[in-house]
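Inspection log for the structure reproduced underneath, given as structure tokens.
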Amino acid sequence: MSSHDIDADANHLADKLEDKGNQLAGEAQKQFGDFVDSPKHQIKGAARKYSAQASEVVSDVAEKIKENPLSGLIAAGAIGVVLGLLLGRK
């Protein structure tokens, strides 16, 4: 394993840990908002939590595409077809 691979793996792990931390912080903020009946804290907490979850998914997908570009291309094409069908409906 080259030093570039080790650096990439370390960065990926750091990103995943940051995303998990943001998910937990967002959930805590949302629960605090629930406890004190503060819609502002509930919304901010939920937004932080779901943003971190989306970031984690994007990171995982990007990693899979790097490992197997052909499957990423096929998946992108399938998503494009589905979006085209959905957006084309009236």
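Of note:
- Residues of segment 66-85 satisfying the condition of being under 20 Å from HIS12 (Cα atoms) and open to solvent by 90 Å² or more (accessible area, probe 1.4 Å): LYS66, GLU67
- Residue within segment 34-41 that is closer than 27 Å to ALA75 by Cα, of a type outside the set (D, E, K, R) and exposed (fewer than 11 other Cβ atoms within 10 Å of the Cβ) present: no
The values are calculated or read from the model by the stated rules, or taken from the named source; none is laboratory data. This structure is a prediction, so every number in the text was calculated from the model and none was measured. Glycine also receives a Cβ, built like all others from the backbone with ideal geometry; neighbour counts cover every protein chain displayed. These area figures cover heavy atoms from the full protein model, side chains too; ligands, DNA and RNA do not enter into them. Shrake-Rupley method; radii C 1.70, N 1.55, O 1.52, S 1.80 Å.
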